[in-house]
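The next block holds one structure in the form of structure tokens; read it before the comments.
The values are calculated or read from the model by the stated rules, or taken from the named source; none is laboratory data. Remember, predicted model here, so these are calculated numbers, not experimental data. Please note: Cβ atoms are built from the backbone with ideal geometry, for glycine as well, and neighbour counts cover all protein chains shown. Side chains included, ligands, DNA and RNA excluded: accessible areas come from the protein's heavy atoms. Shrake-Rupley method; radii C 1.70, N 1.55, O 1.52, S 1.80 Å.
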Amino acid sequence: MIKVYQTYIIKSYSKIFSFVFLSFFSLIIILNIFEEISYFKNTQSNLITPFLLTFLNAPSVIYETFPFIFLISVQFFFIRLLDKEELDIFKKISLSNFKIISILSFFSFILSIIIIIVFYNLSSNLKFMYLDIKNKYSKDNKYLAIVTENGLWIKDEIDKKIYIINSSEIKDNFLIDNFITVFNENYEVIKNLQSKKIDIKDKQWIVYNAKIYSNN
């Protein structure tokens with residue numbers, strides 16, 4: 001059974017983690033909303049569209065910041081313990097700093113598993129919705145390329161197949177650290193392709209050392 005002090009530590013850390021998460025999320029919303037408004041200023045979209053797209057894109061952005069959220073939350077947690085002199089109380093019941101860190105590490109590990117399984121899938125689905133809506137306002141209805149905190153995202157349709165391409169960066173004529181997902185018209189996955197480098201100098205791309213995943 002979970003002891004009283006373990007419950008207290010987990011609840012206190014959870015509150016701080018939630019506060020830090022909401023702070024990061026709010027900051028991402030504020031920064032992204034200006035980018036979306038700038039993108040749609042010359043389009044016929046309504047006022048709600050930039051805000052909708054900001055909320056759809058925010059989860060995928062904040063997913064990349066979770067390591068910092070965990071780190072900052074732990075720091076604030078120990079600052080709180082020092083300010084309230086709760087560390088001295090824990091020491092009186094023979095609770096060492098190592099024991100506290102062990103509890104936080106185990107809880108953070110469980111929380112990170114939940115984030116990877118649940119939050120990542122949710123953010124990915126919202127990202128696809130984000131790209132699909134934004135694509136409707138692009139000059140080419142079948143093509144969309146945007147740069148976010150997650151790198152370069154490209155959506156294209158070729159021969160009735162939909163391609164979603166994510167690259168971490170561009171160096172000269174190369175896309176670096178790439179993951180390509182190919183869908184049919186119903187957004188059912190046909191195959192995935194992973195490559196460290198893609199040459200995009202010509203219209204026909206050259207993919208180096210590709211790993212192709214299909215049929216599970």
Work from the charge dipole of the chain (Cβ charges, +1 for Lys and Arg, -1 for Asp and Glu, about the Cα centre) and give the residue of ILE37, PRO67, ILE114 farthest towards its positive end.
ILE114
Lysines with Cα under 16 Å of LYS211, excluding same-chain neighbours fewer than 8 positions away
LYS191, LYS196, LYS197
GNM result for the chain, Cα springs below 10 Å: residue of LYS197, LYS136, LYS160 fluctuating most strongly:
LYS160
Rank VAL182, VAL61, VAL118 by mean-square fluctuation in a GNM of the chain with C-alpha springs under 10 angstrom and give only the top-ranked residue.
VAL118
Quick query: amide H of THR65 versus all other amide H atoms, modeled in the peptide plane; which residues come in under 5 Å with a sequence gap of 5 or more or a different chain?
none
Would you kindly find the accessible area of VAL147, with a 1.4 Å probe and non-protein molecules such as ligands, DNA and RNA excluded, rounding to the nearest 10 Å²?
100 Å²
Length gained when the stretch ASN184-SER108 is fully extended (0.36 nm per residue, less Cα-Cα span):
23.6 nm
What's the magnitude of the charge dipole for the chain around its Cα centre, counting Lys and Arg as +1 and Asp and Glu as -1 at the beta-carbon? Answer in Debye, nearest 20.
420 debye
Can you tell which of ILE176, ILE79, ILE115 shows the greatest fluctuation in a Gaussian network model of the chain with Cα springs below 10 Å?
ILE79
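Fully extended, how many nm does the chain gain between ASP202 and ASP132 (0.36 nm per residue separation, minus their Cα-Cα distance)?
22.6 nm
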Computed from these coordinates, which is percent of Cα pairs over 21 Å apart: [x] 68; [y] 77; [z] 64?
[z]
